[in-house]
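Chemist: Quick one: structure below, then a few questions.
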Amino acid sequence: MRISLEWLKDFIELNISPEELIRVLNSIGLVVDEFSWEEGDLVLEIETYANRPDTLGHLGIARELAAVLGQSLKEQQWPLAEISEKTEEVVDVQVFVEELCPRYCGLVVRGVKVGPSPEWLQRRLRAVGLKTINNVVDVTNYVLYATAQPIHAFDLDKLAGRKIIVRQAKKDESFRTLDGTDLQLSPEMMVIADEQKPVALAGIIGGENSAVTEETQDVFIECAYFDPISVRMTAKKLGLQTDASYRFERGADISFPPRGALMVASLLSQFGGKATRGLIDIYPHPRKKKTLILRHHRVHELLGVEVPSEKIESIFQALQFGVETTQPGCWKILVPYHRVDIEREADLIEEVARFFGYDQIPSAFPPLKQLEPPLSPLRKTIQRMRYLLFHYGFNEVLNFSFMSEEDNDCFAQARKPVRLRNPVSSRSALMRTTLLPGLISNVAYNLNRGAEGVHLFEWGKIYFWKNDVTQERLSLGLVSTGWRETKHWSSLREKSDFFWLKGAVEDLFSLLRYEPVNFVQKEHPWCENGLSLIVSYKGEPLGFLGLLREEIGRKYELKQDVWVAEFDIGYLISKQPRAFHFQPVVKFPAVIRDASFLVEAGLPYQQVRSFLESREIPWLEKFELYDRFTGASIPQGKVSLSFRFVFRHPERTLEAEEVDNLMERIIRSLKSEFGFQLREGGKIDK
Amino acid sequence: MEELREKIKQYRLKFDEAIKNVKTPQELQELRVQFLGRKRGYLTKLIESLRDLSPQQRPLIGKEINELKNYITARLEETAQSMTAVAKRLPGIDITLPGKTLPLGAPHPIIKFQEEIENIFYQMGFSIEDGPEIETDYYNFEALNFPPHHPARDDWDTIYVEGRDDLLLRTHTSPVQIRAMEKKKPPIRIIIPGRVFRKETPDPTHLPMFFQVEGLVVDVGITFAHLKGTLESFLRRLFSERIKIRFRPSFFPFTEPSAEVDISCTVCHGEDSDCRVCRGSGWIEILGAGMVDPQVLKNVNIDPEKYSGFAFGMGIDRTAMFIYQITDMRSFYENDLRFLRQFLKQ
């Protein structure tokens, strides 16, 4: 809201410096966002709030200033040039929808010379950023910006039957606004009509058919109170917002219309206008002022400071509230009509705080009566997960929770996506069902800017429908492509590959103590054939890892191999990980046996691993696959696998013979289960 | 025979002289070949010349040659070993060359900053709560005292779910206040960090998604003074002990009285009337706050006559932009590694 200092001075004597004025306004919550000197006048851009329509005019700001500075407002006179004709003889006003229009005032001004506005008026309008139209329209705008009361002027001669009817629009009724927009109306909308047609959209905008022009001689002045919700719904539905609708939908001052109409008539008398006698004022059910109770002890209980009774009383008196002491420590407060925001005791306490001064309230720390629960396992797990991934060189990214229809086509899945009714753009038409579109776009973005290797992870929610209920699941996505290290003079560097990503994933689940996680080679629609693993934990699928399908990559302008993985970590974390137990370090030496086997080339390693893990071989501490090769020395269709087995007894040194027996058992079982042939074996004792 | 003895003596001296000058393994190998080479080595030649001696003389000289051979072999071995040891410590190259670094991944600045905020509140006895991002109109607006057709809703431009009038993307973290109060009786002392959504076209200071942190304290006897004390402590820890803090009246439907919290501009300290950060005002708006509106307490069946509370909210992205002087909010979500990886050092 633009406020001119010169204009404010119509309402209040101001002898303070601009800096002080701005400080005072800030202190009561009227924040001056910007200010500038224009034509010798100080113009303030004041931030106003949705609950304070009374501050949408100079009078309202002056009222607040008067209260804070302890001054009173200037008296204003609005002399009229009148004629003997009675208003009701000239125009017939009927309100058919009283609940939507509780008060309607009207007056006719005859003989106005329509033309350019005088300089003083144009200057005022320039200050608040309005264009001049003609003196009549300018006067209505002037009153609006002075008092926050919207006014409309009709050309009396254009009102068929000299009638003003406040009614609902008819079905399929159409209407052209002042600015030439054609609107299709519907019955829940309120219009001002003459005998034949709508002439204004109530509280929003006037019609072209009744506009004041150079030819106009007599005008009908409307000054009314329209129902906030009705105005808002109509304005929203038609996509219109005007200075009038902005004020009516926030709530106008229902006591003001007679004064507003007189102000306009008085100002029009400067242009030869003569007002008809007797204001039309249709106000069948006058509203009473709201009465609220304020308890002194509640002020202290809410603000944490003792505000003296006299101070409280003087604050409300200065704000034009009625104050009566009903019993000690208790007041009956009468709320003026312009303060539509004051409805409860808490609202009164805010007024006390505002004018007592937020800076006068002390600072204290709320006593801690109980300890809040500790950090959730989810947060702890995520922190550990992040640090492991940083160690592997993955950078953390954040993408918007949205995706496009194209993303959805590339990453189609059985889950039904959540679509948005009014997305910001087509790129964000859906809620993401996977983290990969975002991550892959990040890869392309960085490769295009010269990155040699891109290794990223994101953790965040994905969204989908399940039986008409929206689901939000915490997901972890990983992408990796290109060089893993920067070039170094001393050694060759490595590129990211499948087993590097798999290693990171294996390590991740192992360090979080979710073991064993099962990897099964299976096709995944987003991955190249034969290059994807489905990962599961306790029989439930967790996600996958693999090589991104080339045709998907190409859609994101990727020309190189990108390794991808995504896991439902929300599910994982909902499961209890294996408990952490410290194991005393065993002092007895380990016995190590290496053995190499000839194995069918098609046998997945995962099967061998699961088999060995399920064997429960005594004292077998661990086993590792340390070599794998094929070649001239290996028969066709076979592969050589070399294992290292580490045995250790917690309480004594193992005898070579015992270990030989255990090895014998292992070799025999591998032979019978998978047809392993022993190539060679060796002992290393440590 | 004496002639041979003299030769043995000469070779030994020659070897001792030569090995002193050996610097590289290559030279060492050359020396080995020169003396011990099977075809033309000096010692091979000496052994060959044994033929000219009488059977009685041969073993005597042979023993001497053998002694020399053992001596040379031992010295060569010793030198070779010390050479590798030296090689291990100093490869004979410029040791001021760059070292090898591990390619450590970088945390995202927003998440890192959020963690910092969480830690401060954690130390002040707050716990951390979470809630859904696809919300109902009830939790996002109505329970927070936004009546259905209230213009205040215009300040929270909302994205809705298609096909369901009651579902929207939460416009603030405040709905979690309601969920937390429904779940738990006072005392309540929580913060709620998370994603929020607004129907905003992206530009340097607006995005359709960003991060917020919300706080809520409800108990018997909570006052506006407690709100001030808590937020002052938080802001001083987050920024600096030296900042000035100002509370000024504001409006939020779910708090009454409401406040906006400003801190003194840490860029110009209020000294530059053209400061592009505070636009010359000397103040930066950082938080919205207020006493929980009695209607909000009633909506969750907490008696506002018995309990009171305060709530606050802060934009994480906006505050991070201010702290690091980042001018375009979009840079947080472009995920340019040249941007992100700087925060490794933060």
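Taken together, the values in this text are just the output of simple stated rules run on the coordinates, not laboratory data. Just so you know, these numbers come straight off a predicted model, no measurement behind them. For neighbour counting, all protein chains shown are included, and Cβ atoms are generated from backbone atoms with ideal geometry for every residue, glycine included.
Chemist: Determine the gain in length on full extension of the stretch A:Asp92-A:Val323; use 0.36 nm per residue of separation and subtract their C-alpha separation, reporting nm with one decimal.
Modeler: 79.1 nm
Chemist: Ignoring chymotrypsin sites (Phe, Trp or Tyr not before Pro) that are buried or in helix or strand per DSSP, and keeping those with at most 14 other beta carbon atoms within 10 Å, what is the longest stretch of chain A between them?
Modeler: Longest stretch, sites excluded: A:97-488.
Chemist: Net charge around A:His649, counting only other residues with Cβ within less than 10 Å of its Cβ (Lys, Arg = +1; Asp, Glu = -1)?
Modeler: -2
Chemist: Follow-up. On average, how much area does the Cα convex hull of region B:200-269 cover when viewed from any direction, in nm²?
Modeler: Taking the Cα atoms of region B:200-269, their convex hull projects to 6.6 nm² on average.
Chemist: Here is a follow-up. Given the Cα-Cα distance of A:Ala81 and A:Phe582 and 0.36 nm per residue of separation, how much length would full extension add, in nm?
Modeler: Difference between extended and current length: 170.5 nm.
Chemist: While we're here: Note the angle between two axes, namely the Cα long axis of helix B:25-36 and the longest principal axis of the Cα atoms of chain B, as a number of degrees from 0 to 90, rounded to the nearest 10.
Modeler: 20
Chemist: Restricting to Cα atoms and excluding each atom paired with itself, what does the Kirkwood estimate give for region B:2-89 in Å?
Modeler: Over region B:2-89, the inverse of the mean reciprocal pair distance is 13.8 Å.
Chemist: Here's another thing I want to ask about it. When the convex hull of the C-alpha atoms of region A:355-413 is computed, what volume per residue in Å³ does it have?
Modeler: Hull volume over Cα atoms, normalised by residue count, gives 294 Å³.
Chemist: Oh, and also: Sketch the reach of a paramagnetic label on B:His206 as a point 7 Å from Cα along Cα-to-Cβ, and name the residues of region A:429-472 whose backbone nitrogen lies under 19 Å away.
Modeler: Once the point is set 7 Å along Cα→Cβ of B:His206, A:429 turn out to lie under 19 Å by backbone N, inside region A:429-472.
Chemist: Going by a ≥ b ≥ c, the root eigenvalues of the Cα gyration tensor, does region B:132-282 fall in the rounded group (a/c under 1.5), the prolate group (a/b larger than b/c) or the oblate group?
Modeler: oblate
Chemist: Still on this structure, I have one more. Any chance you could list the semi-axes, whole Å, largest first, of the equivalent ellipsoid that the Cα gyration tensor gives for region A:477-542, using √(5λ)?
Modeler: 27, 16, 8
Chemist: Also, quick follow-up: Let me understand chain B better: what is its radius of gyration from the alpha carbons, and its Dmax, in angstrom?
Modeler: 41.2, 128
Chemist: Still on this model: Taking only Cα atoms, what is the 0 to 90° angle, nearest 10, from helix A:377-391's long axis to the longest principal axis of chain A?
Modeler: Approximately 70 degrees, to the nearest ten.
Chemist: A follow-up question, please. So, R0 is 45 Å and r is the distance between the beta-carbons of A:Ser174 and A:Gln270; what FRET efficiency does that work out to, to 0.05?
Modeler: It comes to 0.75.
Chemist: For region A:42-189, what Kirkwood radius comes out of the mean inverse Cα-Cα distance, in Å?
Modeler: That comes to 18.7 Å for region A:42-189.
Chemist: Thinking of region A:409-523 as a set of Cα atoms, what percent of all their pairs are more than 23 Å apart?
Modeler: 47
Chemist: Further question on the same structure: If you look at just the Cα atoms of region A:82-282, how large are its Rg and its Dmax in Å?
Modeler: Just the Cα atoms of region A:82-282 yield Rg and Dmax of 15.4, 45 Å.
Chemist: Which net charge results when you count Lys and Arg as +1 and Asp and Glu as -1 among the other residues whose beta-carbon is under 9 Å from that of A:Met403?
Modeler: -1
Chemist: To continue, here is another question. Give the angle, between 0 and 90 degrees and rounded to the nearest 10, that separates the Cα long axis of helix A:656-674 from the longest principal axis of the Cα atoms of chain A.
Modeler: Taking the Cα atoms of chain A, the angle to A:656-674 is about 70 degrees.
Chemist: Given 0.36 nm per residue, what is the gain on full extension from B:Arg279 to B:Leu13 after removing their alpha carbon distance, in nm?
Modeler: 86.9 nm
Chemist: Take the Cα coordinates of region B:236-346, assign each an equal point scatterer, and use the Debye formula without solvent to give log10 I(q)/I(0) at q = 0.22 Å⁻¹.
Modeler: -1.16
Chemist: Right, something else. How far is the Cα center of region B:169-199 from the Cα center of region A:413-489, in Å?
Modeler: Their Cα centres are 26 Å away from one another.
Chemist: Could you check the spin-label model distance between A:Glu600 and B:Asn21? Points 7 Å from the Cα along Cα→Cβ, value in nm.
Modeler: If labels sit at A:Glu600 and B:Asn21, their model points lie 6.9 nm apart.
Chemist: Turning to a different aspect of this structure: So what does log10 I(q)/I(0) come out to for region A:290-360 at q = 0.14, 0.18, 0.19, 0.21 Å⁻¹, using the Debye formula with one equal point on every Cα and no solvent?
Modeler: Per q value, in the given order, log10 I(q)/I(0) is -0.36, -0.60, -0.68, -0.84.
Chemist: How big is the gap, in Å, between the Cα center of region B:100-152 and the Cα center of region A:35-112?
Modeler: So the separation of the two Cα centres works out to 44 Å.
Chemist: So, one more: Under 1.5 on a/c is rounded, so check that first for region A:377-574, then, if it is not, pick prolate when a/b is larger than b/c and oblate when it is not; a ≥ b ≥ c are the square roots of the alpha carbon gyration tensor eigenvalues.
Modeler: Verdict is oblate for region A:377-574.
Chemist: Please state the relative contact order of chain B as a whole percent: Cα pairs under 8 Å, 6+ residues apart?
Modeler: 15
Chemist: Would you tell me the mean number of C-beta atoms belonging to other protein chains that fall within 10 Å of each C-beta in B:12-22, as a whole number?
Modeler: 0
Chemist: Label region A:2-69 by shape, choosing from rounded, prolate and oblate, from the square roots a ≥ b ≥ c of the eigenvalues of the Cα gyration tensor; if a/c is under 1.5 it is rounded, and otherwise prolate applies when a/b is larger than b/c, oblate when it is not.
Modeler: rounded
Chemist: Another question, then. With runs of 4+ DSSP H residues as the only contributors, calculate the mean residue ellipticity of the protein assembly as shown at 222 nm using -39,500 (n - 2.57) per run, divided by the residue total and rounded to the nearest 500.
Modeler: -10000 deg cm²/dmol
Chemist: Can you give the net charge of the other residues whose Cβ lies under 9 Å from the Cβ of A:Tyr145, counting K and R as +1 and D and E as -1?
Modeler: +1
Chemist: Give me D for region A:591-685 in µm² s⁻¹, whole number, from Stokes-Einstein with Rh from the Kirkwood sum over alpha-carbon pairs, 4 °C and 1.567 mPa s.
Modeler: 94
Chemist: I would also like to ask the following. Using the structure shown, list the pairs from A:Lys170/A:Lys236; A:Lys237/A:Lys466; B:Lys228/B:Lys345 with a Cα-Cα distance above 23 Å, or answer none.
Modeler: From the list (A:Lys170/A:Lys236; A:Lys237/A:Lys466; B:Lys228/B:Lys345), the Cα-Cα distance tops 23 Å for A:Lys237/A:Lys466; B:Lys228/B:Lys345.
Chemist: Just the Cα atoms of chain A, one point each, no solvent: what log10 I(q)/I(0) does Debye give at q = 0.10, 0.11 Å⁻¹?
Modeler: The computed values of log10 I(q)/I(0) come out as -1.03, -1.13.
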